[in-house]
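Presented below is the structure to which this report refers.
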Amino acid sequence: MLSFVKALDPTIVLIENVTGLLAHSAAGIEMATVKLICRCLTVLGYQVCFKVLQAGQYGDPQDRERLIFLAARHGRKLPEFPILTHAFPKAARQWKIPIRKSDRIRPPKRTLGEEHLFAPHPAVTVNDAISDLPAFEWINPHRRIMQTQKNVTERKQRALDGISQFNVSRIPVGFVDPVPYRTKPQTRYQSMMRRGHGSLVDHHVTQAFSDLVVESTTLVPLRPWSNHRFLPPNILPQRMKRPGDSTNFYGRLDASSYFKTAMTAPKPDGNNSYFIHPTQRRALTLREFARSQGFPDSYVLCSAKSRASAQLKDYFKQIGNAVPFCLAVALGRSFGVVSAYEWRRHRRQEENSVEG
């Protein structure tokens, strides 16, 4: 990344990375990588600053902290970090920096007074993001626990309630072809996601998982934040039954809360994974996963793979690696403010030279 800065010599630089960079030490030097980035940028003639930003505080329905470096050439205006727009319940953490014990990397705030979470807009919830998408569920294969008549009756009733039922196979599971939305946009966020996309939604499919993962997922209670601790012990592998282990698996989201940090290879049985739909018996679809990152429904995903399952895996990885859309827009607006300032300054200089 820094070599690109040297080669391209841009006026403004933005670097994004995980917050773990702040804890990385090398050769006994605390925050070694952060110091290296700052040192290289200053040597190249840039002024630089950095903060930890929380994507949820800018309108993304997700808990996702990212370390952001902003840099500008000496003599140019340095972009400011965007002020918070959404009252997200989980603020960006304050990180210690190895200068003085009292020093912290403090998040952006709207006032100069005591720090708070106030903002003009409420946080965007899981329900705000995906409630307009068609409903469907995985059918429990019942490999470990025998099917009962109650199971059959419940599945039929949920199908009558408009929740389609799909057997899980080796191909992507769900609505493989584009399908009409479940409802009109119910929130501003949904309207933003669907703008200019038409009446059909695509990529509303899940990955295929083993029968054991599917059975476990469908048995997680339909209650917010339920996880593997609510499942029968005989269905769990040994790694999920270690005494004193606080790791959660098979986590179900809360429709009134937010998505957990998007990963590149999400799966229901991953460590501390909350990847199960809040009200349906299945994992999140690619479309729902994209909504959690703020990708508009019109965004085109591409893969060089030929098999549908391999393409789907690529798409999840691309989305999980991305900067959340609303956070990116907020940072882009900060760049726009600087561009407008530089344009006005250039105009004034031209006018003064003409008058002179």
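The values are calculated or read from the model by the stated rules, or taken from the named source; none is laboratory data. Keep in mind it's a predicted model, so treat the numbers as computed, not measured. Neighbour counts run over all protein chains shown; Cβ positions are idealised from the backbone, glycine included.
On the stretch given as the range 236-250, residues that are on the phi > 0 side of the Ramachandran plot and either surrounded by 16 or more Cβ atoms within 10 Å (Cβ to Cβ) or not assigned by TED's automatic domain parsing to the domain that holds VAL213 (or both) total 1.
For beta carbons closer than 7 Å, sequence separation of 6+ or different chains, a first residue in the range 140-165 that is at negative phi and in the same structural domain as THR279 (by TED's automatic domain parsing) and a second that is loosely packed, with under 11 Cβ neighbours inside 10 Å and among the polar types (S, T, N, Q), the qualifying pairs are ARG144/ASN234. With the checklist (1) in contact (Cβ under 8 Å) with a residue 60 or more places away in the chain; (2) loosely packed, with under 15 Cβ neighbours inside 10 Å; (3) in a helix (DSSP H, G or I) in hand, flag the one item SER298 doesn't pass. The single condition SER298 does not satisfy is (3). Looking across LYS260, LYS313, LYS267, one residue alone is within 22 Å of the chain's Cα centre (by Cα), over 23 Å from ASP128 (Cα atoms) and at pLDDT 95 or above. It is LYS313. Pick from VAL124, VAL168, VAL152: which is assigned to a helix (DSSP H, G or I) and either out of contact with any helix residue (DSSP H, G or I) (no Cβ under 9 Å at 6 or more places or on another chain) or among the hydrophobic types (A, V, I, L, M, F, W, C) (or both)? Every option except VAL152 fails the conditions.
Figure legend. Inter-residue proximity from the range 343-354: first residues on the phi < 0 side of the Ramachandran plot, second residues of a type in the set (D, E, K, R), beta-carbon distance below 9 Å, spacing 6+ or different chains. Indicated pairs: ARG345/LYS77. The one condition from (1) surrounded by fewer than 20 Cβ atoms within 10 Å (Cβ to Cβ); (2) at pLDDT 95 or above; (3) among the aliphatic types (A, V, I, L, M) that LEU253 does not meet is (1). In the range 302-319, the condition of being buried (at least 16 other Cβ atoms within 10 Å of the Cβ) and part of a loop (DSSP other than H, G, I, E, B) is met by no residue.
Among the residues of the range 24-40, those that are of a type in the set (A, V, I, L, M) and either touching a Lys or Arg at 6+ places or on another chain (Cβ under 8 Å) or surrounded by 13 or more Cβ atoms within 10 Å (Cβ to Cβ) (or both) comprise ILE29, MET31, ALA32, VAL34, LEU36, ILE37.
Quick grid of which residues meet (1) among the hydrophobic types (A, V, I, L, M, F, W, C); (2) outside the structural domain of ARG229 (by TED's automatic domain parsing); (3) farther than 23 Å from ASN248 by Cα; (4) touching a Gly at 6+ places or on another chain (Cβ under 7 Å):
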| residue | (1), (2), (3), (4) |
| --- | --- |
| LYS267 | no, no, no, no |
| GLY270 | no, no, no, no |
| ARG282 | no, no, no, no |
| LEU286 | yes, no, no, no |
| PRO296 | no, no, yes, no |
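Let's see how each residue does on (1) touching a His at 6+ places or on another chain (Cβ under 8 Å); (2) assigned to a helix (DSSP H, G or I); (3) without any contact (Cβ under 8 Å) to a residue 60 or more places away in the chain; (4) within 19 Å of GLN311 (Cβ to Cβ):
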| residue | (1), (2), (3), (4) |
| --- | --- |
| GLU215 | yes, yes, no, no |
| ALA262 | no, no, no, yes |
| ALA265 | no, no, yes, yes |
| SER273 | no, no, yes, no |
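Among residues that are within 30 Å of GLN238 (Cα to Cα), surrounded by 16 or more Cβ atoms within 10 Å (Cβ to Cβ), of a type outside the set (Asp, Glu) and modelled with pLDDT of 95 or more, PRO324 is not included.
Note on the range 134-149: residues that are hydrophobic (A, V, I, L, M, F, W, C) and assigned to a strand (DSSP E or B) total 2.
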